[in-house]
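Structure first, then comments.
The values are calculated or read from the model by the stated rules, or taken from the named source; none is laboratory data. Quantities reported herein were computed from a predicted structural model and do not represent experimental measurements. Counting neighbours? That spans all protein chains shown, and the Cβs are built from the backbone with ideal geometry, glycine included. Just so you know, the surface numbers come from the protein's heavy atoms only, side chains and all, with ligands and any DNA or RNA stripped out. Shrake-Rupley method; radii C 1.70, N 1.55, O 1.52, S 1.80 Å.
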Amino acid sequence: MRVVARYDLFFIVSYALLIPLVGVLILWLSGRTVVLPFLLLLEALYLMLALRKPWQRRLGLRTSFPDAWREFLFSRSAYFRGLDQDGRMRFERDVRLFLVDVRISGIGGRSLSWPIRLLIAAGAAAMLHGRPDWEPPLVDGVTVYPGMSFDRNYQVKKGNIAGQAPAGGPMLLAEGSMMQGFADAEDGFNVLIHELAHFFDREARKDGLKLRLRSGTVAWAEAITLEWQRHDHGTSILSAYAAQNEAEFFAVASEMFFENPRPLHDAHPELFEILREFYQQDPRQVLEKNIRGN
Ligand SMILES: [Zn+2]
(Lines give C-alpha, C1' and ligand atoms only; values in the text may rest on other atoms or scores of the structure.)
Protein backbone atom coordinates (compact mmCIF):
# COMPACT_ATOMS: atom_id res chain seq x y z
CA MET A 1 0.00 0.00 0.00
CA ARG A 2 1.11 3.54 -0.66
CA VAL A 3 0.28 6.82 1.11
CA VAL A 4 -1.09 7.96 -2.25
CA ALA A 5 -1.90 5.24 -4.77
CA ARG A 6 -0.32 5.94 -8.18
CA TYR A 7 -3.75 5.86 -9.82
CA ASP A 8 -5.08 8.45 -7.32
CA LEU A 9 -1.97 10.61 -7.67
CA PHE A 10 -2.51 10.88 -11.42
CA PHE A 11 -6.07 12.18 -10.96
CA ILE A 12 -5.22 14.46 -8.04
CA VAL A 13 -2.48 16.19 -10.07
CA SER A 14 -4.60 16.29 -13.24
CA TYR A 15 -7.61 17.91 -11.57
CA ALA A 16 -5.44 20.25 -9.50
CA LEU A 17 -3.97 21.57 -12.78
CA LEU A 18 -7.27 21.54 -14.65
CA ILE A 19 -9.05 23.92 -12.26
CA PRO A 20 -6.59 26.86 -12.76
CA LEU A 21 -6.45 26.16 -16.49
CA VAL A 22 -10.23 26.40 -16.80
CA GLY A 23 -10.07 29.51 -14.61
CA VAL A 24 -7.55 31.21 -16.88
CA LEU A 25 -9.73 30.35 -19.87
CA ILE A 26 -12.84 31.85 -18.22
CA LEU A 27 -10.83 34.94 -17.23
CA TRP A 28 -9.51 35.33 -20.75
CA LEU A 29 -12.95 34.94 -22.33
CA SER A 30 -14.93 37.05 -19.85
CA GLY A 31 -12.22 39.49 -18.75
CA ARG A 32 -13.75 39.48 -15.25
CA THR A 33 -11.23 39.24 -12.43
CA VAL A 34 -14.11 38.66 -10.00
CA VAL A 35 -13.90 34.91 -10.80
CA LEU A 36 -10.40 34.68 -9.30
CA PRO A 37 -11.42 34.36 -5.60
CA PHE A 38 -13.96 31.68 -6.55
CA LEU A 39 -11.31 29.76 -8.42
CA LEU A 40 -8.91 29.93 -5.52
CA LEU A 41 -11.67 28.73 -3.19
CA LEU A 42 -12.56 25.90 -5.55
CA GLU A 43 -8.91 24.82 -5.81
CA ALA A 44 -8.50 24.93 -2.03
CA LEU A 45 -11.69 22.90 -1.48
CA TYR A 46 -10.62 20.36 -4.06
CA LEU A 47 -7.15 19.93 -2.57
CA MET A 48 -8.64 19.59 0.93
CA LEU A 49 -10.93 16.80 -0.21
CA ALA A 50 -8.39 15.07 -2.45
CA LEU A 51 -5.57 15.14 0.09
CA ARG A 52 -7.67 14.21 3.13
CA LYS A 53 -7.00 10.47 2.79
CA PRO A 54 -3.23 10.78 2.11
CA TRP A 55 -3.00 13.21 5.03
CA GLN A 56 -4.76 10.80 7.39
CA ARG A 57 -2.46 8.02 6.20
CA ARG A 58 0.60 10.18 6.74
CA LEU A 59 -0.58 10.96 10.29
CA GLY A 60 -1.18 7.24 10.90
CA LEU A 61 2.42 6.49 9.99
CA ARG A 62 3.84 9.09 12.36
CA THR A 63 3.25 6.94 15.41
CA SER A 64 5.70 4.10 15.93
CA PHE A 65 4.50 0.51 15.67
CA PRO A 66 3.70 -0.63 19.25
CA ASP A 67 5.99 -3.34 20.62
CA ALA A 68 2.94 -5.23 21.93
CA TRP A 69 1.54 -5.36 18.38
CA ARG A 70 4.87 -6.64 17.01
CA GLU A 71 5.07 -9.36 19.66
CA PHE A 72 1.45 -10.34 19.00
CA LEU A 73 2.08 -10.58 15.26
CA PHE A 74 5.21 -12.59 15.88
CA SER A 75 3.26 -15.10 17.95
CA ARG A 76 0.17 -15.30 15.71
CA SER A 77 1.27 -14.67 12.14
CA ALA A 78 3.53 -17.27 10.52
CA TYR A 79 3.73 -14.96 7.49
CA PHE A 80 5.07 -12.06 9.56
CA ARG A 81 7.64 -14.32 11.24
CA GLY A 82 8.91 -15.49 7.87
CA LEU A 83 9.58 -12.02 6.47
CA ASP A 84 13.03 -10.45 6.50
CA GLN A 85 13.65 -7.12 8.22
CA ASP A 86 12.62 -5.01 5.20
CA GLY A 87 9.57 -7.16 4.64
CA ARG A 88 8.48 -6.79 8.25
CA MET A 89 8.85 -3.01 8.09
CA ARG A 90 6.67 -2.88 4.98
CA PHE A 91 4.20 -5.28 6.56
CA GLU A 92 3.92 -3.10 9.68
CA ARG A 93 3.44 -0.04 7.49
CA ASP A 94 0.66 -1.78 5.54
CA VAL A 95 -1.02 -2.82 8.80
CA ARG A 96 -1.07 0.80 9.97
CA LEU A 97 -2.35 2.11 6.64
CA PHE A 98 -5.06 -0.57 6.63
CA LEU A 99 -6.16 0.40 10.14
CA VAL A 100 -6.28 4.09 9.16
CA ASP A 101 -8.39 3.36 6.07
CA VAL A 102 -10.69 0.49 6.93
CA ARG A 103 -13.43 0.78 9.52
CA ILE A 104 -13.50 -2.39 11.64
CA SER A 105 -16.28 -2.66 14.20
CA GLY A 106 -18.55 -5.10 15.95
CA ILE A 107 -22.26 -5.28 15.23
CA GLY A 108 -24.04 -2.03 16.04
CA GLY A 109 -20.74 -0.17 15.79
CA ARG A 110 -19.35 -1.88 18.90
CA SER A 111 -15.64 -1.21 19.31
CA LEU A 112 -13.29 -4.17 19.18
CA SER A 113 -10.09 -5.06 20.99
CA TRP A 114 -6.82 -4.28 19.22
CA PRO A 115 -5.77 -7.95 18.73
CA ILE A 116 -8.87 -8.58 16.60
CA ARG A 117 -8.34 -5.46 14.52
CA LEU A 118 -4.62 -6.21 14.23
CA LEU A 119 -5.17 -9.77 12.97
CA ILE A 120 -7.62 -8.57 10.31
CA ALA A 121 -5.10 -5.96 9.16
CA ALA A 122 -2.32 -8.59 9.22
CA GLY A 123 -4.28 -10.94 6.96
CA ALA A 124 -4.84 -8.13 4.48
CA ALA A 125 -1.17 -7.05 4.68
CA ALA A 126 -0.04 -10.59 3.79
CA MET A 127 -2.34 -10.71 0.77
CA LEU A 128 -1.24 -7.25 -0.39
CA HIS A 129 2.48 -7.82 0.20
CA GLY A 130 3.27 -8.52 -3.46
CA ARG A 131 0.89 -5.84 -4.75
CA PRO A 132 2.00 -2.49 -3.26
CA ASP A 133 -0.18 -0.62 -5.76
CA TRP A 134 -3.37 -2.36 -4.67
CA GLU A 135 -5.68 -0.97 -2.03
CA PRO A 136 -7.77 -3.06 0.37
CA PRO A 137 -11.10 -3.40 -1.49
CA LEU A 138 -13.13 -2.81 1.69
CA VAL A 139 -14.79 0.59 1.26
CA ASP A 140 -17.68 -0.54 3.49
CA GLY A 141 -15.35 -1.81 6.19
CA VAL A 142 -15.48 -4.99 8.25
CA THR A 143 -18.17 -6.06 10.72
CA VAL A 144 -17.20 -8.67 13.29
CA TYR A 145 -19.85 -10.91 14.87
CA PRO A 146 -19.25 -12.47 18.30
CA GLY A 147 -18.91 -16.25 18.54
CA MET A 148 -17.86 -18.85 16.01
CA SER A 149 -20.69 -18.32 13.51
CA PHE A 150 -23.95 -16.61 12.62
CA ASP A 151 -26.98 -17.82 10.70
CA ARG A 152 -28.76 -16.70 7.50
CA ASN A 153 -30.76 -14.16 9.50
CA TYR A 154 -27.53 -12.83 11.03
CA GLN A 155 -28.42 -14.19 14.45
CA VAL A 156 -25.21 -14.36 16.43
CA LYS A 157 -23.74 -17.60 17.77
CA LYS A 158 -26.14 -19.61 15.59
CA GLY A 159 -25.94 -21.34 12.22
CA ASN A 160 -22.67 -22.23 10.55
CA ILE A 161 -21.61 -19.11 8.63
CA ALA A 162 -18.09 -18.05 9.62
CA GLY A 163 -17.86 -15.14 7.19
CA GLN A 164 -19.44 -13.47 4.19
CA ALA A 165 -18.28 -11.15 1.43
CA PRO A 166 -21.42 -9.36 0.21
CA ALA A 167 -21.11 -7.09 -2.82
CA GLY A 168 -21.74 -3.50 -1.78
CA GLY A 169 -21.50 -4.21 1.93
CA PRO A 170 -18.97 -4.73 4.70
CA MET A 171 -17.01 -7.94 4.98
CA LEU A 172 -18.63 -10.04 7.73
CA LEU A 173 -16.56 -12.23 10.04
CA ALA A 174 -17.36 -14.37 13.07
CA GLU A 175 -14.75 -13.42 15.63
CA GLY A 176 -14.03 -16.93 16.97
CA SER A 177 -13.61 -18.45 13.51
CA MET A 178 -11.43 -15.57 12.38
CA MET A 179 -9.11 -16.00 15.38
CA GLN A 180 -9.06 -19.77 14.85
CA GLY A 181 -7.91 -19.23 11.27
CA PHE A 182 -4.65 -17.84 12.62
CA ALA A 183 -4.31 -20.35 15.48
CA ASP A 184 -3.32 -23.19 13.13
CA ALA A 185 -1.08 -21.63 10.54
CA GLU A 186 -0.87 -24.66 8.26
CA ASP A 187 -4.32 -26.23 8.14
CA GLY A 188 -5.28 -24.29 5.00
CA PHE A 189 -8.39 -22.77 6.63
CA ASN A 190 -8.57 -19.07 7.23
CA VAL A 191 -11.94 -17.37 6.91
CA LEU A 192 -10.40 -13.90 6.72
CA ILE A 193 -8.27 -14.85 3.72
CA HIS A 194 -11.26 -16.61 2.15
CA GLU A 195 -13.61 -13.62 2.41
CA LEU A 196 -10.94 -11.09 1.43
CA ALA A 197 -10.16 -13.19 -1.64
CA HIS A 198 -13.80 -12.73 -2.74
CA PHE A 199 -13.37 -8.94 -2.56
CA PHE A 200 -10.07 -9.04 -4.48
CA ASP A 201 -11.64 -11.33 -7.07
CA ARG A 202 -14.55 -8.94 -7.69
CA GLU A 203 -12.19 -5.98 -7.92
CA ALA A 204 -9.96 -7.80 -10.42
CA ARG A 205 -12.96 -8.69 -12.61
CA LYS A 206 -14.18 -5.09 -12.50
CA ASP A 207 -10.73 -3.76 -13.43
CA GLY A 208 -10.19 -6.36 -16.17
CA LEU A 209 -6.98 -7.63 -14.57
CA LYS A 210 -4.69 -9.59 -16.91
CA LEU A 211 -2.25 -12.30 -15.83
CA ARG A 212 1.03 -13.13 -17.55
CA LEU A 213 1.16 -16.90 -17.44
CA ARG A 214 3.67 -19.20 -19.13
CA SER A 215 0.96 -19.98 -21.69
CA GLY A 216 0.48 -16.27 -22.49
CA THR A 217 -1.44 -13.26 -21.24
CA VAL A 218 -4.93 -14.15 -20.02
CA ALA A 219 -7.79 -12.15 -18.52
CA TRP A 220 -8.12 -12.93 -14.81
CA ALA A 221 -11.80 -13.94 -15.01
CA GLU A 222 -11.05 -16.30 -17.90
CA ALA A 223 -7.96 -17.83 -16.24
CA ILE A 224 -9.71 -18.74 -12.98
CA THR A 225 -12.88 -19.99 -14.71
CA LEU A 226 -10.88 -22.25 -17.04
CA GLU A 227 -8.83 -23.60 -14.14
CA TRP A 228 -11.98 -24.27 -12.10
CA GLN A 229 -13.56 -26.12 -15.04
CA ARG A 230 -10.54 -28.26 -15.84
CA HIS A 231 -9.63 -28.89 -12.20
CA ASP A 232 -10.28 -32.46 -11.07
CA HIS A 233 -12.33 -31.72 -7.97
CA GLY A 234 -12.59 -35.42 -7.17
CA THR A 235 -8.86 -35.78 -6.51
CA SER A 236 -8.10 -32.18 -5.51
CA ILE A 237 -6.39 -31.39 -2.23
CA LEU A 238 -8.75 -28.41 -1.94
CA SER A 239 -11.89 -28.86 0.15
CA ALA A 240 -15.08 -29.93 -1.64
CA TYR A 241 -16.47 -26.42 -1.21
CA ALA A 242 -14.08 -25.28 -3.97
CA ALA A 243 -16.16 -27.19 -6.52
CA GLN A 244 -19.18 -24.89 -6.04
CA ASN A 245 -18.15 -22.19 -8.50
CA GLU A 246 -15.08 -20.30 -9.70
CA ALA A 247 -15.37 -17.66 -6.94
CA GLU A 248 -15.37 -20.27 -4.14
CA PHE A 249 -12.63 -22.18 -5.95
CA PHE A 250 -10.40 -19.10 -5.88
CA ALA A 251 -11.25 -18.25 -2.25
CA VAL A 252 -10.55 -21.79 -0.99
CA ALA A 253 -7.34 -21.99 -3.05
CA SER A 254 -6.22 -18.63 -1.62
CA GLU A 255 -6.56 -19.98 1.92
CA MET A 256 -4.20 -22.82 1.08
CA PHE A 257 -1.89 -20.56 -0.95
CA PHE A 258 -1.25 -18.36 2.10
CA GLU A 259 -1.29 -21.10 4.76
CA ASN A 260 0.19 -24.22 3.20
CA PRO A 261 1.53 -23.35 -0.24
CA ARG A 262 3.95 -26.26 -0.79
CA PRO A 263 1.31 -29.04 -1.08
CA LEU A 264 -0.82 -26.77 -3.27
CA HIS A 265 2.13 -26.14 -5.58
CA ASP A 266 3.05 -29.81 -5.79
CA ALA A 267 -0.51 -31.07 -6.36
CA HIS A 268 -1.81 -28.26 -8.61
CA PRO A 269 1.10 -26.38 -10.24
CA GLU A 270 -1.05 -24.61 -12.86
CA LEU A 271 -3.42 -23.28 -10.22
CA PHE A 272 -0.43 -22.24 -8.12
CA GLU A 273 0.99 -20.28 -11.05
CA ILE A 274 -2.32 -18.43 -11.47
CA LEU A 275 -2.40 -17.51 -7.78
CA ARG A 276 1.26 -16.49 -7.79
CA GLU A 277 0.61 -14.13 -10.69
CA PHE A 278 -2.58 -12.83 -9.13
CA TYR A 279 -0.97 -12.00 -5.77
CA GLN A 280 2.47 -11.32 -7.28
CA GLN A 281 4.21 -13.37 -4.62
CA ASP A 282 5.15 -16.90 -3.68
CA PRO A 283 4.34 -17.49 0.02
CA ARG A 284 6.62 -20.59 0.04
CA GLN A 285 9.56 -18.18 0.09
CA VAL A 286 8.19 -16.55 3.25
CA LEU A 287 6.67 -19.47 5.14
CA GLU A 288 9.45 -21.99 4.51
CA LYS A 289 12.04 -19.51 5.64
CA ASN A 290 9.94 -19.26 8.79
CA ILE A 291 10.03 -23.03 9.33
CA ARG A 292 13.83 -23.04 8.93
CA GLY A 293 13.91 -20.32 11.60
CA ASN A 294 15.83 -17.79 9.52
ZN1 LIG B 1 -16.78 -18.08 -0.14
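Mind checking the per residue accessible area of the chain for me, 1.4 Å probe, whole number of Å²?
Normalised by residue count, the accessible surface of the chain is 53 Å².
Report the Cα-based extents of the range 178-294 along its three principal axes, largest first, to the nearest Å.
Rounded to whole Å, the extents work out to 38, 29, 27 Å.
List every residue whose amide H lies under 5 Å from the amide H of R2, counting only residues 5 or more places away in sequence or on a different chain, with H placed 1.01 Å from N in the peptide plane.
none
If I model a spin label at R6 and F74 as a point 7 Å from the Cα along the Cα→Cβ vector, what separation in nanometres do I get?
So the two model labels end up 3.5 nm from each other.
Over the chain, what percent of the accessible surface lies on carbon and sulfur atoms, probe 1.4 Å?
57 percent
What is the ratio of the Cα radius of gyration of the chain to 2.2 N^0.38 Å, with N the residue count, to two decimals?
Rounded to two decimals, the normalised Rg is 1.15.
If amide H atoms are built 1.01 Å from N in the plane of the peptide, which residues on other chains or at least 5 residues away come under 5 Å of the amide H of L213?
V218
How much length is gained if the chain between R214 and L47 is pulled fully straight, taking 0.36 nm per residue apart and subtracting their Cα-Cα distance, in nm to one decimal?
55.7 nm
Once R0 is set to 41 Å, what does the formula 1/(1 + (r/R0)^6) return for the Cβ-Cβ distance between K289 and R230, expressed as a FRET efficiency to the nearest 0.05?
That pair, K289 with R230, gives E of 0.80.
Could you check what % of the DSSP bridge pairs in the chain are antiparallel, to the nearest 5?
Around 55 percent of the beta bridges assigned by DSSP in the chain are antiparallel ones.
Per-residue HN-Hα couplings for the range 137-148, Karplus 6.51 cos²θ - 1.76 cosθ + 1.60 at θ = phi - 60°, whole Hz, x for Gly and Pro?
x, 10, 5, 9, x, 10, 10, 10, 9, x, x, 8
Compute the helix-to-body angle for 283-292: its Cα long axis versus the longest principal axis of the chain, expressed 0 to 90° and rounded to tens.
On a 0 to 90 degree scale, this one is about 60.
Using unit Cβ charges (K, R positive; D, E negative) and no other charged atoms, how large, in debye to the nearest 20, is the dipole of the chain about its Cα centre?
Once rounded to the nearest 20, the dipole reads 1100 debye.
Which far-off residues, 5 or more places away or on another chain, put their amide H under 5 Å from the one on I161, with H placed in the peptide plane?
Amide H to amide H, under 5 Å and 5 or more residues apart or across chains, I161 pairs with F150.
Measuring from label point to label point, each 7 Å out along Cα→Cβ, what is the A221 to R62 span in nm?
4.4 nm
Whole-Hz Karplus ³J(HN,Hα) for the range 240-254, in order, using 6.51 cos²θ - 1.76 cosθ + 1.60 and θ = phi - 60°, x for Gly and Pro?
4, 4, 5, 6, 4, 6, 5, 5, 5, 4, 5, 5, 5, 5, 5
Scan the chain and hand back the longest stretch that contains none of the trypsin sites (Lys or Arg not before Pro) lying in DSSP loops with at most 10 other Cβ atoms within 10 Å.
The answer is 215-294.
For D266, D151, D187, give me the order by solvent-accessible area with a 1.4 Å probe, most accessible first, ignoring ligands, DNA and RNA.
D266, D187, D151
When only the heavy atoms of the protein chains count and the probe is 1.4 Å, how do L226, L49, L209 rank by accessible area, highest first?
L49, L226, L209
Students often forget the sequence filter, so: which lysines lie under 24 Å Cα-Cα from K53 once same-chain residues fewer than 8 apart are removed?
In chain and number order, the partners are K206.
With a 1.4 Å probe and all protein chains in place, put M178, M89 in order of accessible area, largest first.
M89, M178
Once the other residues with Cβ under 9 Å from the Cβ of R57 are scored (Lys, Arg +1; Asp, Glu -1), what is the net sum?
+3
Starting from the 7 Å offset along Cα-to-Cβ, what nm value, one decimal, do you get for the label separation of S105 and Y15?
Inter-label distance under the simple model: 2.6 nm.
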